[in-house]
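For reference, the structure discussed in these notes is given below.
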Amino acid sequence: MSKDAIVMLKNDHKEILRAFREFENAGDDAIETKGKLVDRIIELLTVHTYIENEVMYPRVRDLVPDLEDDVLESYEEHHVADVLVMELAAMKPDDERFTAKTTVLIESVRHHIEEEEDEWFPQVREALGRKTLQEIGAEMAEAREKAPRRPSQPSALKKTVDAVIS
């Protein structure tokens with residue numbers, strides 16, 4: 001697997017988008033399937049936002065000051081996703097608003113992914129170059145090993161609380 005930070009994040013995005021499509025195609029009556037898919041989405045997003053917030057965003061913020069506003073917007077988009085993920089984690093798949101809340105999460109994250117891939121990543125790649133992106137990728141791979149898998153884990157809770165009070 002590539003250690004290029006952007007390649008790693010794009011691979012995560014593909015996996016997340018695949019889980020979104022599976023949820024959307026599951027059908028209205030597939031309550032158990034939707035519950036399992038949302039559990040998977042929660043895990044994917046919890047890990048992904050953790051490595052971006054802990055490694056990618058701080059490094060880009062330090063190394064590419066021109067992208068400060070983009071980084072801050074990304075933190076806020078993660079915050080919105082974190083709140084929805086926390087709420088979904090506490091819900092049952094047959095709750096009245098489960099599908100609606102998941103749909104809002106999917107729409108929000110899709111927008112975030114499109115912005116990152118279409119606007120942000122090309123600027124980051126140009127500014128940092130291959131060697132630096134590989135160094136950041138190696139740090140992200142390490143962070144992924146210790147990343148929380150559920151929003152209820154302490155490191156995920158800390159990330160959410162930090163986002164709320166910052």
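The values are calculated or read from the model by the stated rules, or taken from the named source; none is laboratory data. What you see is a predicted model; the values in this text were computed from it and never measured. For neighbour counting, all protein chains shown are included, and Cβ atoms are generated from backbone atoms with ideal geometry for every residue, glycine included.
Could you say whether any residue in segment 96-113 is out of contact with any strand residue (DSSP E or B) (no Cβ under 9 Å at 6 or more places or on another chain), of a type in the set (Gly, Ala, Ser) and under 28 Å from residue 28 (Cα atoms)?
yes
Taking the condition at pLDDT 95 or above, in contact with a Phe, Trp or Tyr (Cβ under 7 Å, 6 or more places away or on another chain), more than 18 Å from residue 8 (Cα to Cα) and in a helix (DSSP H, G or I), does residue 101 pass?
Against the criterion (at pLDDT 95 or above, in contact with a Phe, Trp or Tyr (Cβ under 7 Å, 6 or more places away or on another chain), more than 18 Å from residue 8 (Cα to Cα) and in a helix (DSSP H, G or I)), residue 101 does not qualify.
Of (1) aliphatic (A, V, I, L, M); (2) outside any helix (DSSP H, G or I); (3) in contact with a His (Cβ under 6 Å, 6 or more places away or on another chain), residue 91 satisfies all except one. Which?
If we test residue 91 against (1) aliphatic (A, V, I, L, M); (2) outside any helix (DSSP H, G or I); (3) in contact with a His (Cβ under 6 Å, 6 or more places away or on another chain), just (3) comes out false.
Take the residues of segment 64-83 that are hydrophobic (A, V, I, L, M, F, W, C) and farther than 19 Å from residue 126 by Cβ: which is surrounded by the fewest Cβ atoms within 10 Å (Cβ to Cβ)?
Filtering first and then ranking leaves 72.
Tell me which residues, restricted to segment 41-65, are under 17 Å from residue 112 (Cα atoms) and either part of a loop (DSSP other than H, G, I, E, B) or of a type in the set (Asp, Glu) (or both).
52
Within segment 1-34, track down each residue that is part of a loop (DSSP other than H, G, I, E, B) and closer than 19 Å to residue 105 by Cβ.
If the condition is that a residue be part of a loop (DSSP other than H, G, I, E, B) and closer than 19 Å to residue 105 by Cβ, then 26, 27, 28, 30 are the ones that fit.
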